[in-house]
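I have placed the structure first, in the form of structure tokens, so that the comments after it can refer back to it.
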Amino acid sequence: MVRRVSSLIFAVLLLFPALISAVDRSKFRKCSDMSFCRRNRNLLPHTAPFQMQPTLRFSERSILGEIWNTQDNVPLTFELRFYPKGIMRLTVLEKEGLKPRPEVPEVLMPELTPIAYELLSHDHDGARIRIPGSNAAISIHISEFRFDVLVDNELVMQLNPRGLFNFEHFRTKQATPVTPPPPASGDAASTPSDATQPPPMPLAYPADTNDMWDERFGSHFDHKPNVSHVPLGHPPTPTRGLTTGLFWFNAAQTFIDVATTTEGVDTHWWSEAGRLDLFVLVGPTPRRVLEQYVSLTGLPALPPLFAMGYHQCRWNYRDMNDVAQVDAGFDEHDIPYDVLWLDIEHTDGKRYFTWDKNTFADPEKMQNQLAAKGRKLVTIVDPHIKRDPNYHVHKEALEQGYYIKNHDGGVFEGHCWPGLLLAHRPVWLSVSASVAVLCGCVLIFFKVRLPGLSGCRDLDLVFLRWVRACHMDETIGQQVTDDAHPTTDRSSSYPDFLAPQVRQWWSRKFGLDQYRGSTQALHIWNDMNEPSVFSGPEITMPSDCLHLNGQEHREVHNIYGFLYNLASANGLAARNPDERYFILTRSFFAGTQRLGAIWTGDNAAKWEHLAATTPMFLSMGISGLPFVGSDVGGFFGNPNEELFVRWYQAGAFHPFFRGHAHIETKRREPWLFSDAATDRIRSAIKQRYQLLPYLYTAFYNASRTGAPVMRPLWFDFPGEADLLGIDDQFLFGGDVLVKPVTQEGQSSMAVRLPGSQPWYDLQSGALVPSGTVTAGLTMDRIPTYQRAGSILPRWDRPRRSSRPQVFDPYTLVIAPDLAGRAAGSLFLDDGHSRAHERGGYWYRLFEFANQRLSSRAYPAPNPADQAPSLAPVPPALQVPSTSTFAPPRIDRVLIRGVGRLPKAVYTHTFHGQPHFLPSHTHKRTHAQLTTPGGTRTPLRFELDPAGLTLAVRLTAPTVEDWVMELAM
């Protein structure tokens, strides 16, 4: 009997229980506050008036059909298209709509082209089609209006099995309301609902009531000239360890109900506006789903090396002297870092692209001083523009007509940072940072049931509970006088980044000729880009605002932050086309992985917020967003010493590693607690820098396949069902397992080590069996392990930033499995330019077997194995023609678990002959290395006192083939 398993949504909001927070929930709408949500949540199964027509039209690259609304006699069209490697797309639109429903822009890769499919069967009730490039098929059932997805002839997904499809076409307000029929009998218990909601309606369209057209929330009024909503029901089906994905491609406000049933997890999706546009990713493995997803939305960018180092931020460093003192403090306390950040107070009165002339009088000098040490500066640039007639950015936007409009056509004005009184604990809330991936464009993995997940309602509130974890202050928004720039208007307006000409205009602002005082060492932080509007409904822009193309903001809300981020990123790229830039964003959407890093917003110095980081980052990583992080130490509040240290120890293994704090918190640079805390934080940050070659290689792999840098255990061990519920530990790059300490005063903790092979303690090298083990805890470190069968590259020379490290020799740490085998890779280039896109890099494969360590070029990928639409991997150059970078050598090899001293160790290169000297009875000996030129160099090797690690000293070329052999 095939074991029936359930679906689990691995998306940004649904991976873990909600946290308790101090969010003022009254500021944010629930489903019961929105007419479109109430109507669609209360639909009864198989009562919506939609029927699929019996005639299907088959063309070479698509399948077309019609769906009729039998209540209003409105025809809809649906289209099935197929893409390489197992991707199917379903879109539904009005056949002749009142107005167009544009596709969400700039997300899908431009080269995405439908391909031919194979029609397996066709009759009066539907058809069965093979999904190209896979062992999957789709069955269309006309009479039941249902789509079944099968992999290896096993049902893995169904679309609309409960008949909840409901497409509210665009229409104008009726003069005479339609009287709804009485509620139908039936059991709707499988669909969660608010206790305050009215009884379920059996029809797709209930009464044409006022809240359907004009809706009030608090003091805000939402005008709806046209109404349109798009829901869909989708439940899981039995699988046998298969993984599939669903990408809901919609930028409007979206709800997803998740309910556990006897057969699995049932989901119900509905969006307030836009088109029904979804992609089915047939997998059938987690890696394959991500490859399919990034072929649609783009590969993650390879960040510059400095972006993977430690970042130091605060709201705000006061002036140039403060910046210089903080920078010197890192050197004085021997703590490496790469980037210093400036928040909003560095500007001239919250006018972005400007500097406060009193506190940052010579910003170029400040940047050059940092750059001399290999360090960078990041400044914040937000999308709200201060309405000052003397401010050049506002003046240009107003003259060119680039601002978003009110529903009545006037320029929209709202309150944000410019001209506001910063009273006690001001806070903004980043709703669309979640809905961009969850409600806007969810990438879903279907696997098995998550213990304790019984349903997820009002996802905006779930997001607020565990991401923002803060509270609103009513004093935000009070006007203050800016005596230096007296104006009559203190509000902000918002450029319409949906318009290509506005994005181009904004991109030009990052040029050195326009962003005066900036240099090539300056990079950008995009914040408040949901967009945040303190005076708006739900602290954001009203839904009835109008974009330049006539679309209401409700249709595109969740794409606004991404398009703003895209315009900023394009500006940085144009500033220096040969260099990689760094950019950070708070709001994001599918495709943000192409641009840069994401952080999860304003958290608090609480243990539960530290605990929340792991499931948050795991969710984002498997949603195609590998470069993620949080405010280390917590943005709000003052952490105690233990929490502060534990956060740094965890943050050292997060893809993006930045300390940040609120303006009203105590100063908390890493050396401002006790000497013991400083030592521990220094150790954590230095370990981060030691592992940068390994992390850089992991980011390179992500840039080729989409594989997350920080990933759940089940991603690499899909056959172990109990791993699916583990979200408090993770794999860092695939070969390092980390379990952060997230409770105060812990002395021990259980750690699950997956697989059949043992693991090695990352620091001591001690062998640890797989399974569940108890790890004893000290304040000096958190449990970390290296996978048996892996080889990790490291930099072991301490430096004050990552820039000089690229010239340092490498250490290879070999952790043999039970068969004595191990393998690992190393990607290396200059760390900053785009030369790698033209082949200016090396990618090496290290293999250890039969007591022999070999180094060779990593085999070129088979084009047939690459994800669809991925650009071909350029062949690695032996000497990059576009770079003067000379790769360093390997000077040490550590072999774990050897247990005894070998008789000898020798190496030989492709051109040289091996030469070795036998070891003696003591622990240290010498060997000989023959280099390509024939010069013999003495080598040393020794066994550590505990007999856990053999250390070999050598001078081996990193980018040439060679072999090192142990004579045991």
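The values are calculated or read from the model by the stated rules, or taken from the named source; none is laboratory data. As the structure is a computational prediction, the values presented were derived from the model and not from experiment. Glycine gets a Cβ as well: all are built from the backbone with ideal geometry, and neighbour counts include every protein chain shown. Each accessible area value is taken on the protein alone, full model and side chains, heavy atoms only, with ligands, DNA and RNA left out. Shrake-Rupley method; radii C 1.70, N 1.55, O 1.52, S 1.80 Å.
Brief remarks follow.
- Remark: pairs (first residue in segment 789-811, without any contact (Cβ under 8 Å) to a residue 40 or more places away in the chain; second residue open to solvent by 10 Å² or more (accessible area, probe 1.4 Å) and part of a helix (DSSP H, G or I); Cβ separation under 9 Å; 6+ apart in sequence or on different chains) = R797/P804.
- Every residue from segment 617-630 that is out of contact with any Asp or Glu (no Cβ under 7 Å at 6 or more places or on another chain) and crowded, with 24+ Cβ neighbours inside 10 Å: F617, S619, M620, G621, I622, S623, G624, L625, P626, F627, V628, S630
- Search result, residues across segment 787-823 that are touching an Asp or Glu at 6+ places or on another chain (Cβ under 7 Å) and either within 23 Å of D961 (Cα to Cα) or surrounded by 21 or more Cβ atoms within 10 Å (Cβ to Cβ) (or both): R787, A788, G789, S790, L792, W795, S801, S802, V806, P809, T811, A823
- Residue under evaluation W213, criteria (1) at pLDDT below 90; (2) open to solvent by 20 Å² or more (accessible area, probe 1.4 Å), criterion not met: (2)
- Applying the set (1) open to solvent by 10 Å² or more (accessible area, probe 1.4 Å); (2) in a helix (DSSP H, G or I) to A702 leaves exactly one unmet item: (1).
- Only one of E96, E66, E111 that is modelled with pLDDT of 95 or more and surrounded by fewer than 17 Cβ atoms within 10 Å (Cβ to Cβ): E66
- Those residues of segment 510-543 which are open to solvent by 10 Å² or more (accessible area, probe 1.4 Å) and acidic (D, E), in sequence order: D513, E538
Table: residues versus (1) crowded, with 18+ Cβ neighbours inside 10 Å; (2) assigned to a loop (DSSP other than H, G, I, E, B).
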| position | (1), (2) |
| --- | --- |
| H268 | yes, no |
| G274 | yes, yes |
| D277 | yes, no |
| L296 | yes, no |
| H311 | yes, no |
| A328 | no, no |
| W341 | yes, no |
| E345 | yes, no |
| Q369 | no, no |
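- Remark: G637 matches the filter, which requires a residue to be open to solvent by 10 Å² or more (accessible area, probe 1.4 Å), out of contact with any helix residue (DSSP H, G or I) (no Cβ under 8 Å at 6 or more places or on another chain) and touching a residue at least 12 places away in the same chain (Cβ under 8 Å).
- Residues that are over 20 Å from V893 (Cβ atoms) and touching a Lys or Arg at 6+ places or on another chain (Cβ under 9 Å) within segment 799-835 comprise R800, S801, R803, P804, G831, H832, S833, R834, listed in sequence order.
- Test result for T113, under 32 Å from the mean Cα position of the chain (by Cα) and in a loop (DSSP other than H, G, I, E, B): yes
- Among the residues listed as S507, S493, the single one being of a type outside the set (V, I, T), closer than 27 Å to T600 by Cα, open to solvent by less than 10 Å² (accessible area, probe 1.4 Å) and at pLDDT 95 or above: S493
- Failed item, numbered, when R680 is tested on (1) in a helix (DSSP H, G or I); (2) touching a residue at least 40 places away in the same chain (Cβ under 8 Å); (3) within 19 Å of T614 (Cβ to Cβ); (4) charged (D, E, K, R): (3)
- If you go through segment 743-769 and keep only what is in a loop (DSSP other than H, G, I, E, B) and surrounded by 17 or more Cβ atoms within 10 Å (Cβ to Cβ), you end up with P754, G755, Q757, P758, L762, G765.
- In segment 131-149, the residues that are assigned to a loop (DSSP other than H, G, I, E, B), small (G, A, S) and under 30 Å from the mean Cα position of the chain (by Cα): G133, S134
- Looking only at segment 380-412, and only at residues there that are in contact with a His (Cβ under 7 Å, 6 or more places away or on another chain) and open to solvent by less than 50 Å² (accessible area, probe 1.4 Å), the one that is nearest to R554 (Cα to Cα): I404
- When segment 647-677 is limited to residues that are part of a helix (DSSP H, G or I) and either of a type outside the set (D, E, K, R) or within 24 Å of G734 (Cβ to Cβ) (or both), the one that is nearest to the chain's Cα centre (by Cα) turns out to be G651.
- Hits in segment 575-592 - residues which are open to solvent by 10 Å² or more (accessible area, probe 1.4 Å) and under 22 Å from W341 (Cα atoms): R575, N576, E579, R580, Y581
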